[in-house]
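Encoded as structure tokens, the structure appears first; notes follow it.
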Amino acid sequence: VAKPKYGEKYAFSPMTAKLSFDDRFNISWNEANEAINSKKANLLAEMGLLNYADIRMLETVEWNLLANREGWGTTDTYEWTNTEWRRSGGSLRIVVGNSDTGGAAGTDWYWPENHHRNVGFRLAVVLRP
């Protein structure tokens, strides 16, 4: 799925609809994570992967590797990652990918409970050994 520019929407995805979202922007990390975790078992069962995989947001390093190949760092929006950063004891989440702040290599952090019109998210289906 391509990463849209600010003011655009993500292309329709059945997974986004199954998570009960209209779009992937303006969703807090907490809301996205809660939706993923509450529907994970059903989604994996539907794919025939219930005992063989996990669904989660990408870690920052995974996002960077894919972003360099797919060109996700060329738009002026961020995406949440699963990567946590702690500052003064508080849990923050790393966002990546804004072309104005370094593209695929650029990172920032946001409070996971906050909504941002320029921050979306994507999922990874991770196979277990």
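On the stretch given as the range 15-40, residues that are touching a residue at least 40 places away in the same chain (Cβ under 8 Å) and of a type in the set (Phe, Trp, Tyr) total 2. Can we say residue 14 is touching a strand residue (DSSP E or B) at 6+ places or on another chain (Cβ under 8 Å) and either open to solvent by less than 80 Å² (accessible area, probe 1.4 Å) or modelled with pLDDT under 95 (or both)? Judged against the criteria, residue 14 is not a match.
When restricted to residues that are open to solvent by 50 Å² or more (accessible area, probe 1.4 Å) and either touching an Asp or Glu at 6+ places or on another chain (Cβ under 7 Å) or not hydroxyl-bearing (Ser, Thr, Tyr) (or both), the range 57-98 contains 14. Checked against (1) modelled with pLDDT under 95; (2) of a type in the set (S, T, N, Q); (3) on the phi < 0 side of the Ramachandran plot, residue 33 passes all but condition (1).
Between 64, 68, the distinction of being free of Cβ contacts under 8 Å to residues at least 40 places away in the same chain, in contact with a helix residue (DSSP H, G or I) (Cβ under 8 Å, 6 or more places away or on another chain) and in a helix (DSSP H, G or I) belongs to 68 only.
The values are calculated or read from the model by the stated rules, or taken from the named source; none is laboratory data. Predicted model only: the values in this text are computed from it and were never measured. Here Cβ is always computed from backbone atoms with ideal geometry, including for glycine, and neighbour counts include all displayed protein chains. Please note that ligands, DNA and RNA were not included when accessible areas were found on the heavy atoms of the full protein model with its side chains. Shrake-Rupley method; radii C 1.70, N 1.55, O 1.52, S 1.80 Å.
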